[in-house]
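The values are calculated or read from the model by the stated rules, or taken from the named source; none is laboratory data. Everything numeric here is computed off the predicted structure, so don't read it as measured data. Positions of Cβ are backbone-derived with ideal geometry, glycine not excepted, and every protein chain shown enters the neighbour counts. We work out accessible area using only protein heavy atoms, side chains counted, and drop any ligands, DNA or RNA first. Shrake-Rupley method; radii C 1.70, N 1.55, O 1.52, S 1.80 Å.
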Amino acid sequence: MSRFLHTADWQVGRQYSNFAPDDAVALAEARLSVIERIADLASEEAVDAVLVAGDVFDAQTVSDRTIRRLFNAMSPYTGPWILIPGNHDAALAESVWTRAQRLGAVPDNAHLALRPKVLEFAEAGFAVLPAPLTQRHTQTDLTGWFDQAETPLGLLRIGLAHGSVQGILAEEVDSPNPIAANRADTARLDYLALGDWHGSKEISLRVWYSGTPEQDRFKGNDPGNVLLVDIPKAGAEPRVEIRPTGQHPWIQMTERLAVSSDLDQLIAKLEQQPEKAVVALRLEGEITLLGKQQLEGSLSVAEARFRSLRYDLSDLSLLATDEDIAALHADGYVGEVISELRDEQNGDAGEIAREAMAILASMLLEKQAVGGDA
Amino acid sequence: MRLLRLKAEQLRQFRDPVEIRDLEPGINLFIGPNESGKTTLVRAIRAAFFERHKSSSVNDLQPWGDSAAAPTVELDFEWQGQSWKLVKSFLKKKLCDLTVDGTVYSGDEGEERLSNLLGYEYAGKGASQQKHWGIPGLLWVEQGSGEEIQGPVEFAGEHLKAALGGNLGEVTSSRGDALINQVAAERAKLLTATGKTTGDYAKAIAEVDRLQEQFEALQDRVRQYREQVDRLGQLREEKARAETDRLWESYRQQAKDAEARLAEVMAWQRDQDRDQQALEECQTSIQTTLELLNGFQDKQTELARREEEKGEAEQKQADLETRKPGHEKAVAEAGQAHKAARKTLKLAQQHQQRKELARELQGIEADLESDTAKLARARELHSVLLENRQKQQSLEIDPQAVERLKGVTSELDHLAIQQDAVATRLQIDLTDDQSITLNGERVVGRSEHLLIEPGEVAIEGVGTLRVLPGGEDVAEIARARQNLTDDQESLLSRLRVTSLAEAEGRLKQLQELKQAIQRDESLLKESAPEGLEALSDRLRLRQARKDELASQIQALPEQDDNSSPLSLAEAQLESAQQVLESAEAARQKLTGDLSLAEQALNRAKQEWERLNNELQAPDRKQREKQASDRLIELRLKESGLKERLAEREKQIDQAQPDVLEQDFERFNKSADAAEQQQENRNRDLIKIQAFLEAAGAEGLEEQSAELETELDRANRRRRELERRAKALDLLLTRLTEHRLELTRQLQAPLQRHLNRYLQLLFPEASLTVDENLIPEVLIRQGLGGEERGKFEELSFGAREQTALVSRLAYADLLLEAGRPTLIILDDALVHSDAERLIAMKRVLYDAGQRHQMLLFTCHPDNWRDMGVIARDVEELKG
């Protein structure tokens, strides 16, 4: 029986531009630490090999340090790592791979499959048929040669490719590199390990996308896993087990606020989210000036609890109720200005009007706090 | 609010209770001299409202020296249908009881109600001060402070705005101004006054720009990097292909083939060149042989020509010879004709000479005749002249002397007349036979005598009478006459005449003679201009010539009629001469031609002989035959060569040597290029490889992603700040606008009331108020148009009047807002002149229609026309 760990789309070197600096650093760091966990898992599960199906690096020109750190992170598992390039790290004439080799960063147990050539692991009883990308994008099916590829009898035929399976994911993948849907059959593969799709997905009994081991975008397609694949013998049906590895679930929420209790519900919902989550919150509807103050307080608390909290309040109208105005002592013309701004917040310059209203409200509140003892 | 009753006791001047009842709803006038208690009354009202009953700082309310007094004020008033009663005591008896329609509010509670009603505050500690007085401070004017308006309005400000706001249907903002300041301050952190970015905002923009620039530069490098990667792949592929193909080797082989083929063709070309040369040599030989043959042919032709020439020369010589005798004859004939002509000419010349001599003789004979006549006449004239000249000498007289004689004679005549006139007349009339002697002369009968000198008349027998002509003139005339007579005689004698007439006759005769002489002289000159001698000489010479001519003519032959005239003879000679000359010339030329013809004939003969001899040489035929044979041989060789050349030429052309040469060059160059390209590729590969290794180590895309992160962050910050700046700007604009709008709304009714009163004081005037409702500028219509005066720059009187008008306007506003108004004026308008005072009284009366007014004055006369009965404060104390 052979056992593999199937993973892909590590995207090491990825930067998170939309995040606060410390969040961005932590998220980038998480992409490396998950490799350590994969290595640990590989050791624990005593797999025969770790199959990495492309997009190991996020870009060709990552720093030398990043390259070294990646290979260092693989060190807990000393068995064979079989890696192919994907569209982000294609095996071009000069690539991150050639650099890694030049740097001497690639350990002996890491097999870089940069050419479409059978890799035999006779002792372990399997042969790998890699379909590395040697261009950033291609319109031809790089797994085509699997059909004719000969492997010694008795060895498992394991395909390793990066791209989109035709007719199944065509619309959703991020590259056009096509893979025939029946490749496992035509090429008599025991298992085809795929990368490019960031969620874990079964295409057929023998064909799987492992998904990225650490989530990197707001897409709830079951990312953050590796696949533990057991193949009893050549031709036998593989057993695939999904193992979670991600640290930071990415959660996207859109909530509508209408009545004041909605706000309480929102706060409760936020509190239910896991701690290390990366949360994107979008609010719609309307909120009173006082409610806004309360909301901001709650968001501030939530921000501290999550790995990252980003919120978009641009579709959240501010209501200036009579209570608001009374509470803010916004009498006289100040009150008029607030009403005016409130009415304008849905117009062309709505954002500015809303901001102006928020500033005014906060100043009034501040004054109220200061003026209390006057 | 209507004050009904006021009672005060133990209060300053009022030790005993003083009470004022039945206060009118309008104007109440209180009069009294200074110190009579008017001000005490005012103070009592103020104390009742403003001072806390518990206050210990109101000692001034106590009567002089009475520290045990409990100053007390009681006030009854109506407000909104309710009757209010206030009893307030201070110091010794601290009390405040406010009863509103039977409900009692004591102490502080009462006081709060009062302050809320009227709109004022209490002092936190000590006596109440101006700043606490609020609205009453505005409406209750203290003595001597009527022109003060800014302070009271400011202190009443909040109450005014609160009171008036409701009336306007708007609520003023209690914190607006502070808020505006805060917004402005926040805005100033991001934007300058003119809206330019500053502070963090400006920094954020600069940061974005900086990062953007860096980012773009990095992106460029990434792009460049990727291009180089692609190029590397491409080059490697090309290099591998080139190494497989090894094109340069095939090119080299092709070049070699072309070269070999070219060498072959070059050999053909050399053969061709050799044959070409042979052909040329052959053709030269043909040419030479042809020329040789032609030479033989030419000699024969030339001999014939020479023979012909010789014949011609002989013919020519013979021709000339035959023409010779003709010419000789012509010359002889012309010589004879010439001789005859010469003879004729000589004869003609002699005839001509004789004719001329005869003509001269004829002339001389005529001259001789004329000269002989002239000489005779001249001689005659000459003798006459001699005679006349002699005569002239005898008749000679001096014409001047004659003239003088004429003058003297005339003068004498004149004197005689004079003498006659002055002379004493002695008329004598004697009887017959009687006589007398006058100056010795006897006188008889009648006579008259002129006596110019004394005369004696002797009468016989009587004696002698002496007559003496009187006067000097007589004597003088006589003397002059005597002188003249002397002159006359002298002249006559000189002229050898006896009388003037004779002299004149002689003079005339002389003149006539002179004229005759002149005439004769001129005639003589005509006949013999050079004198008689010359004339006679000429005559002699002519005679001699005549004789000579006669002899000459005699010597020459007589002329016959048919002899030729000279001119014809001359012409004939000339033509004869010409004929002779031409005949001689013709003969000369013929002689020359003949000798030339003979020479030519000799030459022609020699040439012919020489050529003839040559042609008759014995080996000539053989040589000609040899040449002909050789020509045939050469022609054969030539055609063989030509054929061979053409054939080979075709062969060479088909081989295309120039193309072969190009092929050789092309393949060689292609091989070079292919090798060079491969070399370049290798070099580029190394270069690109090095570049990529260096660039790759920089982690460009990672850097770029990091920078993008930073740029996004900076952009977000810039957008946030921009939004905040815009929001603050909007906020500031809106707040300011609304505040201004509100101020305008507040001012409108005040303005209306102000203008109403102002019209009574200054027609067509208006008063502007600032945002705090404080009078600002008084605008009046003067003679020169609009006059603007700032309130604080007005005169004291005008300030007081304007301030009072403003207070009344505020009162109107408060009334409209349903607030109590009570106006108290303590000795107001003392600085107004009579005219203004009249106007102000109209103003006050008008206000009195709406407001209760307490007027205190120490100038009762000024205020009697307020339509009310004045109350004397002194009497109140009564």
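Within the range B:712-736, how many residues are among the aliphatic types (A, V, I, L, M) and within 8 Å of chain A (Cβ to nearest Cβ)? Steps first, please.
First, the residues of the range B:712-736 that are among the aliphatic types (A, V, I, L, M): B:714, B:721, B:725, B:727-728, B:730-732, B:735.
Going one step further and asking which of them are within 8 Å of chain A (Cβ to nearest Cβ), we end up with B:727-728, B:730-731, B:735.
Summing the residues that are among the aliphatic types (A, V, I, L, M) and within 8 Å of chain A (Cβ to nearest Cβ) in the range B:712-736 gives 5.
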Residue identified as of a type in the set (Phe, Trp, Tyr), surrounded by fewer than 20 Cβ atoms within 10 Å (Cβ to Cβ) and within 13 Å of chain A (Cβ to nearest Cβ) among B:PHE664, B:PHE691: B:PHE691
So which of A:GLU29, A:GLU44, A:GLU123 is open to solvent by 20 Å² or more (accessible area, probe 1.4 Å) and not in a helix (DSSP H, G or I)? A:GLU123
Within the range B:225-246, residues being polar (S, T, N, Q), surrounded by fewer than 17 Cβ atoms within 10 Å (Cβ to Cβ) and within 11 Å of another protein chain (Cβ to nearest Cβ) number 1
When the range B:359-383 is checked residue by residue, the ones that are of a type in the set (A, V, I, L, M, F, W, C) and either touching a strand residue (DSSP E or B) at 6+ places or on another chain (Cβ under 8 Å) or surrounded by 15 or more Cβ atoms within 10 Å (Cβ to Cβ) (or both) are B:LEU361, B:ILE364, B:LEU368, B:LEU375, B:ALA378, B:LEU381
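Just for strands (runs of 3 or more DSSP E) wholly inside the range B:10-96: which have at least 3 residues that are over 20 Å from B:GLY107 (Cβ atoms)?
So the answer is B:18-20, B:27-31.
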Among the residues of the range A:1-21, which ones are open to solvent by 50 Å² or more (accessible area, probe 1.4 Å) and more than 12 Å from chain B (Cβ to nearest Cβ)? A:MET1, A:ARG3
Sole exception among (1) open to solvent by less than 30 Å² (accessible area, probe 1.4 Å); (2) more than 12 Å from chain B (Cβ to nearest Cβ) for A:MET357, by number: (2)
Among the residues of the range B:404-424, is there at least one that is part of a strand (DSSP E or B) and free of Cβ contacts under 8 Å to residues at least 60 places away in the same chain? yes
For the range A:56-87, the count of residues that are more than 8 Å from chain B (Cβ to nearest Cβ), of a type in the set (Gly, Ala, Ser) and in contact with a Gly (Cβ under 6 Å, 6 or more places away or on another chain) equals 1
Some residue of the range B:699-708 being within 14 Å of chain A (Cβ to nearest Cβ), exposed (fewer than 15 other Cβ atoms within 10 Å of the Cβ) and within 30 Å of A:ALA100 (Cβ to Cβ): no
Any residue at all in the range B:507-529 that is open to solvent by 70 Å² or more (accessible area, probe 1.4 Å), closer than 30 Å to B:GLY363 by Cβ, in contact with a helix residue (DSSP H, G or I) (Cβ under 8 Å, 6 or more places away or on another chain) and charged (D, E, K, R)? no
Quick one: is B:ALA811 small (Gly, Ala, Ser) and within 14 Å of another protein chain (Cβ to nearest Cβ)? no
Can you name the strands (runs of 3 or more DSSP E) wholly within the range A:207-283 that have at least 2 residues being without any contact (Cβ under 8 Å) to a residue 24 or more places away in the chain, of a type outside the set (Phe, Trp, Tyr) and open to solvent by 40 Å² or more (accessible area, probe 1.4 Å)? A:239-244
Give the residue that is least open to solvent (accessible area, probe 1.4 Å), with candidates limited to residues of the range B:257-270 that are in contact (Cβ under 8 Å) with a residue 12 or more places away in the chain and not hydrophobic (A, V, I, L, M, F, W, C). B:GLN269
From the list B:ARG724, B:ARG716, exactly one residue is crowded, with 20+ Cβ neighbours inside 10 Å and part of a helix (DSSP H, G or I). Which is it? B:ARG724
All but one of (1) open to solvent by 80 Å² or more (accessible area, probe 1.4 Å); (2) touching a Lys or Arg at 6+ places or on another chain (Cβ under 9 Å) hold for B:LEU415; state the number of the condition that does not hold. (1)
Could you tell me which of the residues A:ALA100, A:ALA91, A:ALA105 is within 13 Å of another protein chain (Cβ to nearest Cβ), part of a helix (DSSP H, G or I), open to solvent by less than 40 Å² (accessible area, probe 1.4 Å) and not hydroxyl-bearing (Ser, Thr, Tyr)? A:ALA100
Name the single residue, out of those in the range B:298-343 being surrounded by fewer than 17 Cβ atoms within 10 Å (Cβ to Cβ) and β-branched (Val, Ile, Thr), that is nearest to B:LYS589 (Cα to Cα). B:THR322
Subset of the range B:742-769, residues open to solvent by 50 Å² or more (accessible area, probe 1.4 Å) and among the hydrophobic types (A, V, I, L, M, F, W, C), comes to B:ALA748, B:LEU760
In the range B:797-841, the residues that are hydroxyl-bearing (Ser, Thr, Tyr), part of a loop (DSSP other than H, G, I, E, B) and more than 23 Å from B:GLU24 (Cβ to Cβ): B:SER832
Just to be sure before I move on: is B:ARG739 open to solvent by 10 Å² or more (accessible area, probe 1.4 Å), under 30 Å from B:GLU207 (Cβ atoms) and within 14 Å of chain A (Cβ to nearest Cβ) in the structure I sent? no
Cross-chain or 6+ apart pairs with Cβ under 6 Å, the range B:559-574 first and over 19 Å from B:ALA334 (Cβ atoms) and modelled with pLDDT of 75 or more, then surrounded by 14 or more Cβ atoms within 10 Å (Cβ to Cβ) and of a type in the set (Gly, Ala, Ser): B:LEU566/B:ALA348
Does B:GLU638 satisfy the criteria of being part of a helix (DSSP H, G or I) and within 24 Å of B:LYS256 (Cα to Cα)? no
